[in-house]
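**Student:** Here it is: the structure, laid out below.
What follows is calculated from the coordinates using simple rules that are stated; it is not laboratory data. None of these values were measured; they are calculated from a predicted model. Cβ placement follows ideal geometry from the backbone for every residue including glycine, while neighbour counts extend to all protein chains displayed.
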Amino acid sequence: MFNYILKRFKNIVIRIILLLFFLIFLLMTFLYLNYRLNDEYPNPNDIYSYVENNKTSTYLNDKNKEFLKEKNIWSIRLDRDGKVVESFNKPKEVKDKFDLTDIARFTRYYLADYPVFTYIIGDGLILFAYPKNSLDKLPSNYYNYKNLIFNLELLGLFLVLFLLFVYIFYRIDINNILKNILPFQKAIDKLYEEDFERLDEDGELKDLAFSINKANEKYNNLKKAQVKWIRGLSHDVRTPLAKISWEMSKENITCIDRKNIQNQVLKISNILEGLNLTMSLANIDKEHFEVNNPLKVIRKLIVDKLNENPDREIIFENKLSNQNIKIKMDNNLFYRMLENIIKNSLIYTDGNIKVSISDSKDRLFISILDEGCGMSENIIQRISEEDLTNITKHGLGIFISKQIAELHDGSFRIENKAKGLEVTFIFNPIN
């Protein structure tokens, strides 16, 4: 787990650095494309070279004018007194004579908002003016070499410091991760050991600590349940086996009570069947459950049990305010859940059995109440704690019903009443 976390963290740091260089590359590309590859307007030096090479007795002859017109550039030539002696497409707002301050101003900045570039020819000047908003002129045309070198060195220093800080933060975070997660690795390694130490459920990783502690608790409960299951199963199977062994040890084979042997074999078969069912319930996929009304299953169960026991009375009370109430269920398992309780009541009690269904505050209640002598609180507690010692007489069928209820996202309640035992199943209906 640590290697995975370290690997992921390294990948994050590497991606941050790569992203930084990528952003720098994009910035340089942006500057290059905007200031070096923009060829919509020719370089002023190229314009001057062309005019200089093609001049005749005048600079702004027909050939040069045609060239300037093609490039959308106007031009004027000034003599030593600042007077315009030649011009091409000069705007009206541009003066015909300039003093020294005018020349200093447009040489450094703009002339009537036109970006102009000035060149010395003989004892005068020639100006090439580009369209407004075409080019930007920089206020200075020099740079300090030492300052440039200093800035480059400073940029390099900042880059080195950035990488150093990334590495420092990386080491700090790695140490913190190791410090915080090392107890979790030790706990996971000893999750199923006797010397497991509970994790402190505080701090940033409290949810993970809670999950690990819960997993260990579930494992210990499972071990205890297995011991109880084995003890209960051993006890319940040993009794019918002893009876079968006693019958088979009789010297006179005609005295063997075959019916008693069959009953004991049936008990063992029922125990194993119930055991297999409880094991299989843990692996059932609830995806095949369907949304149904439980009334159909309850009515069918009552009719089946009355047909099997015509001398008994099962009273059904429907107290539902919503007769179309539905839950997500498996009909066969739901039938088995209720059947186990009713079957116990039919076997161990002689009075009437009342089955009732009701709803209240988005809850569905199904209760089964018999008129027997109830069940000892000790056995009820053992069922709640899943301690199923003496399974055949008291617990396996009830526990299976409890498992099925929980499989349907419901809850199970068993309690003694003034007369009899009441088992209640509680579910959350689907609206």
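Let's see how each residue does on (1) assigned to a loop (DSSP other than H, G, I, E, B); (2) in contact (Cβ under 8 Å) with a residue 60 or more places away in the chain:
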residue: Ser49; (1), (2): no, no
residue: Glu66; (1), (2): no, no
residue: Ser75; (1), (2): no, no
residue: Glu93; (1), (2): yes, no
residue: Ile103; (1), (2): no, no
residue: Ile120; (1), (2): no, no
residue: Phe128; (1), (2): no, yes
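**Student:** Sticking with this structure for a sec: Residues of segment 77-91 being in contact with a helix residue (DSSP H, G or I) (Cβ under 6 Å, 6 or more places away or on another chain) and in a loop (DSSP other than H, G, I, E, B), which ones? Step through it out loud before you land on a result.
**Tutor:** Let us first name the residues in segment 77-91 that are in contact with a helix residue (DSSP H, G or I) (Cβ under 6 Å, 6 or more places away or on another chain), namely 88.
If the condition is that a residue be in contact with a helix residue (DSSP H, G or I) (Cβ under 6 Å, 6 or more places away or on another chain) and in a loop (DSSP other than H, G, I, E, B), then no residue fits.
**Student:** Contact list please: Cβ distance under 8 Å, first residue in segment 305-321 and without any contact (Cβ under 8 Å) to a residue 12 or more places away in the chain, second residue part of a strand (DSSP E or B) and surrounded by 10 or more Cβ atoms within 10 Å (Cβ to Cβ), pairs at least six apart or on different chains.
**Tutor:** Leu306/Ile314
**Student:** Check whether at least one residue in segment 333-342 is out of contact with any Asp or Glu (no Cβ under 8 Å at 6 or more places or on another chain), among the aliphatic types (A, V, I, L, M) and surrounded by fewer than 19 Cβ atoms within 10 Å (Cβ to Cβ), and report yes or no.
**Tutor:** no
One line per residue, one yes/no per condition, for (1) within 22 Å of Ile404 (Cα to Cα); (2) in a strand (DSSP E or B):
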| site | (1), (2) |
| --- | --- |
| Asn340 | yes, no |
| Ile347 | yes, no |
| Gly351 | no, no |
| Lys354 | yes, yes |
| Ile368 | yes, yes |
| Gly374 | no, no |
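**Student:** Considering only residues that are surrounded by 16 or more Cβ atoms within 10 Å (Cβ to Cβ) and over 20 Å from Ser87 (Cα atoms), which ones fall in segment 97-134?
**Tutor:** Hits for segment 97-134: nothing passes.
**Student:** Another one. I need the full set of residues from segment 105-118 which are part of a helix (DSSP H, G or I) and among the charged types (D, E, K, R), in order please.
**Tutor:** Residues of segment 105-118 that are part of a helix (DSSP H, G or I), as a first pass: 105-108.
Arg105, Arg108 - these are the residues of segment 105-118 that are part of a helix (DSSP H, G or I) and among the charged types (D, E, K, R).
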